[in-house]
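No value in this document is a laboratory result; all are computed from the given coordinates. Computed from a predicted structure; not experimentally measured. Using ideal geometry, Cβ is built from the backbone for each residue, glycine included, and neighbour counts are taken over all protein chains shown.
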Amino acid sequence: MDKKGILVVVSGFSGAGKGTIMKRLLEEYPENYALSISATTRAPRPGECHGKEYFFVSEETFEKMIQKDALIEYARYVSNYYGTPKEYVLEQLGQGRDVILEIEIQGALKVKEAYPDTLLLFVSPPNAGELKKRLVNRGTESKATIDSRLKRAFEEAQGVEQYDYFVINDELEECVQEVHSIIKNEHARVARNYALIENIRAELKGFAKGE
Ligand code: 5GP
């Protein structure tokens, strides 16, 4: 068995439903996955807690984290910092869990550069109108923020080709199962199993010599 976890980045337009998909994935397969909790300088939305959705920190604290090299990556998104703390991710990968980072595209590409084995998934609603509807219905953001998120979605749409998989979130449960299958299948890739293959080869060599 491949014991090392896979680093999985899930991106997608704000309002694509990534958060809900990740939550369901962890509820259904708690042994398989660990979700990285990012640090951000944005203010909590109603109902969000420090240490659950994010570590909500000041600009000063965030900049200290950058200086200490405590982040795998970080990016500015709609005037706030967002970054992935390194320690938890590396520890969980070592324990054999697939670690999911729910981050935007600049961060995703930086992670891929630093860890080329990273699997990049892009989640999208079935069409752009649905995206706008979901952002408006969320009811937590001002018109100006919704507009800048839609503008950002347009920019992010230009980078989708750099991802490995494009997943449509139309029916939630179907989408959760699709994401789970993609990650499961990824474990079976030959390139992720060289160590195991080498072991089997070495054993077979022994058998062939009559050992
Ligand atoms: P929101 O403010 O809606 O929670 O997140 C805004 C965007 O920041 C989303 O696209 C989300 O995926 C992204 N994001 C969240 N955490 C991180 C992080 O640690 N690094 C980067 N680069 N983006 C993040």
Subject >> S38 long-range amide H proximity, modeled H, under 5 Å >> reply: F55
Original post:
Got a sec to turn the phi values of region 161-172 into Karplus ³J(HN,Hα) couplings, 6.51 cos²θ - 1.76 cosθ + 1.60 with θ = phi - 60°, whole Hz, x for Gly and Pro?
Top reply: 4, 7, 8, 8, 9, 10, 10, 9, 9, 9, 9, 3
**OP:** Quickly work out the N193-to-K3 label distance, labels modelled 7 Å from Cα along the C-beta direction, and quote it in nm with one decimal.
**Re:** 1.8
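Kindly provide the helix-only [θ] at 222 nm of the chain, computed as the sum of -39,500 (n - 2.57) over DSSP H runs of four or more divided by all residues, to the nearest 500 deg cm²/dmol? Mind showing how you got there, number by number?
Numbers: 8 runs with 96 residues, N = 211.
Rounded to the nearest 500, it is -14000 deg cm²/dmol.
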Original post:
For the pair I168 and R138, how long in nm is the line joining their label points, each one 7 Å along Cα→Cβ?
Top reply: 2.2
Original post:
Under a Cβ-Cβ cut-off of 14 Å, what is the net charge of the residues other than E173 that fall near it, where Lys and Arg count +1 and Asp and Glu count -1?
Top reply: -4
Subject >> With Cα atoms, 0 to 90° folded angle of helix 128-138 axis to the chain main axis >> reply: 70
Subject >> Spread of Cα-to-Cα distances over 10 Å intervals beginning at zero, given as percent, for region 117-211 >> reply: 13, 28, 25, 14, 10, 6, 4, 0
Original post:
How big, in percent, is the set of alpha carbon pairs in the chain lying more than 27 Å apart?
Top reply: 35
**OP:** In nm, give the distance between the simple-model label positions of S181 and A70, each being 7 Å from the Cα along the Cα-to-Cβ direction.
**Re:** 4.1
**OP:** Cross-chain or 8 or more residues apart, Cα under 23 Å: how many lysine pairs in region 82-186 fit that? Count them up, please.
**Re:** 9
Original post:
In a GNM of the chain with a 10 Å cut-off on Cα contacts, which of T41, T145, T84 has the highest mean-square fluctuation?
Top reply: T145
Original post:
Which of F154, F56, F13 moves most in a GNM of the chain, Cα contacts under 10 Å?
Top reply: F154
**OP:** Identify which of D170, D69, D117 has the largest mean-square fluctuation in a Gaussian network model of the chain, with springs joining Cα atoms closer than 10 Å.
**Re:** D69
